[in-house]
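Scroll down for the structure; my scribbles are underneath it.
The values are calculated or read from the model by the stated rules, or taken from the named source; none is laboratory data. Just so it is clear, the structure is predicted and the values come from calculations on it, not from any experiment. FYI the Cβ positions are ideal-geometry reconstructions off the backbone, even for glycines, and counts take in every protein chain you see.
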Amino acid sequence: MTKLGAEVFLEAGDVVARVPRDRLIGAEILFDKVSVTGTENLMMAATLARGTTTLHNCAREPEVRDLAELLNKMGARVRGAGTPTIQIEGVEGLGGAQHTIIPDRIETGTFLVAAAITNGDLEIKNCNPEHCNRIIAKLREVGVEIEEVNQSTLQVRCSPRGLKASDLSTEPYPGFPTDMQAQFMTLMTQAQGRSAITETIFENRFMHASELQRMGARIQISRDQAIVDGPDKLIGARVQASDLRASASLVLAGLIAEGETLIDRVYHIDRGYERIEAKLKEVGADIERVRESVTAPLAPVGQDSVVA
């Protein structure tokens with residue numbers, strides 16, 4: 001943002017950004033590390049900057065391409081979205097547009113794992129299998145049967161032979177997404193053998209592992225790698241969700257754990273899933289969101305726990 005001409009500074013604990021001139025100025029920017037949010041934020045900012053902005057080492061996720069499509073409908077001039085280099089020619093203003101957001105590939109992947117881990121049989125509609133290629137391939141590798149019924153429908157069930165362990169390394173798109181790492185780890189607690197899960201995108205993204213250990217999972221953490229031995233019988237416990245995807249992994253664990261699992265601070269999950277407990281309940285899960293009189297710090301009242 002500074003390279004585009006913005007002033008960004010801390011003031012009384014707040015991050016403040018302002019444009020000292022009438023508009024931002026186009027610039028050439030190289031991302032040190034691939035970042036979806038970084039790519040999207042600078043792409044949006046550059047649409048109204050004066051001149052041309054070129055972004056290098058950009059994220060290539062479908063969400064970046066989808067955002068560029070919307071911006072172009074609104075009058076922006078964005079080229080190259082979905083490739084490592086994006087060029088934006090600034091325009092004077094944007095207008096309204098009609099646009100349908102693409103299906104959430106991480107929500108799709110989470111429900112694929114839900115079906116596999118419970119030995120269920122689900123039909124997932126209104127998804128985009130093409131965006132889930134790496135997820136689908138990995139799940140098939142460990143014993144999940146996934147059929148592409150059509151361009152927007154997947155049929156999923158677990159193989160009668162059960163799940164088998166497999167190693168995994170998260171990678172920027174089109175690799176296996178970091179946002180499916182926690183769900184895959186829960187799945188591997190039920191697989192035969194040992195799996196090594198390596199996280200290459202985010203630091204401290206194994207917070208869910210200690211909660212899975214509380215439920216009986218055999219997981220060893222060493223820096224950016226988790227070793228999971230399975231299969232394990234999980235036992236219901238009171239656990240705490242540390243982030244969005246950790247919440248999803250603990251919900252999946254609760255579906256197969258013996259007894260009752262209470263997941264605190266589950267308000268994280270609403271950032272990435274719409275009515276996940278209602279959707280799971282509709283296909284047979286014994287799950288509900290509960291209200292407690294005393295909530296965790298900063299937790300929205302009535303949105304703090306899920307029982308599975």
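The requirement of being in contact (Cβ under 8 Å) with a residue 60 or more places away in the chain, crowded, with 17+ Cβ neighbours inside 10 Å and either acidic (D, E) or in contact with a strand residue (DSSP E or B) (Cβ under 6 Å, 6 or more places away or on another chain) (or both) is fulfilled nowhere in the stretch 207-223; no residue meets it. Of the residues that make up the stretch 45-54, is at least one surrounded by fewer than 17 Cβ atoms within 10 Å (Cβ to Cβ) and at positive phi? Yes, the conditions are met somewhere in the stretch 45-54. Contact map, the stretch 166-180: residues that are closer than 15 Å to H131 by Cα paired with residues that are of a type in the set (F, W, Y), Cβ distance under 9 Å, separation 6+ or inter-chain. Pairs shown: F176/F184; T178/F202. Of all residues in the stretch 244-263, those satisfying the criterion of being modelled with pLDDT of 95 or more and surrounded by fewer than 23 Cβ atoms within 10 Å (Cβ to Cβ) are L255, I256, A257, E258, G259, E260, L262.
What are the residues in the stretch 169-203 that are touching a Phe, Trp or Tyr at 6+ places or on another chain (Cβ under 9 Å) and of a type in the set (V, I, T), if any? I'd like the intermediate steps shown before the answer.
Taking the stretch 169-203 as the starting set, the residues that turn out to be touching a Phe, Trp or Tyr at 6+ places or on another chain (Cβ under 9 Å) are 169-170, 176, 178, 181-182, 184-185, 195, 197, 199.
Scanning the stretch 169-203 gives T170, T178, I197.
Restricting to the stretch 150-184, what's the tally of residues that are closer than 20 Å to T118 by Cβ, more than 14 Å from the chain's Cα centre (by Cα) and not in a loop (DSSP other than H, G, I, E, B)? Residues in the stretch 150-184 being closer than 20 Å to T118 by Cβ, more than 14 Å from the chain's Cα centre (by Cα) and not in a loop (DSSP other than H, G, I, E, B): 7 in total. Name the residue that is nearest to T178 (Cα to Cα), counting only residues in the stretch 1-35 that are under 26 Å from the mean Cα position of the chain (by Cα) and touching a residue at least 40 places away in the same chain (Cβ under 8 Å). Only one residue tops the list, namely V34.
For every residue, the table says whether it meets (1) touching a His at 6+ places or on another chain (Cβ under 6 Å); (2) surrounded by 22 or more Cβ atoms within 10 Å (Cβ to Cβ); (3) more than 15 Å from G230 (Cα to Cα).
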| residue | (1), (2), (3) |
| --- | --- |
| P160 | no, no, yes |
| L163 | no, yes, no |
| S166 | no, no, no |
| T170 | no, no, yes |
| P174 | no, no, yes |
| T198 | no, no, yes |
| R205 | no, no, yes |
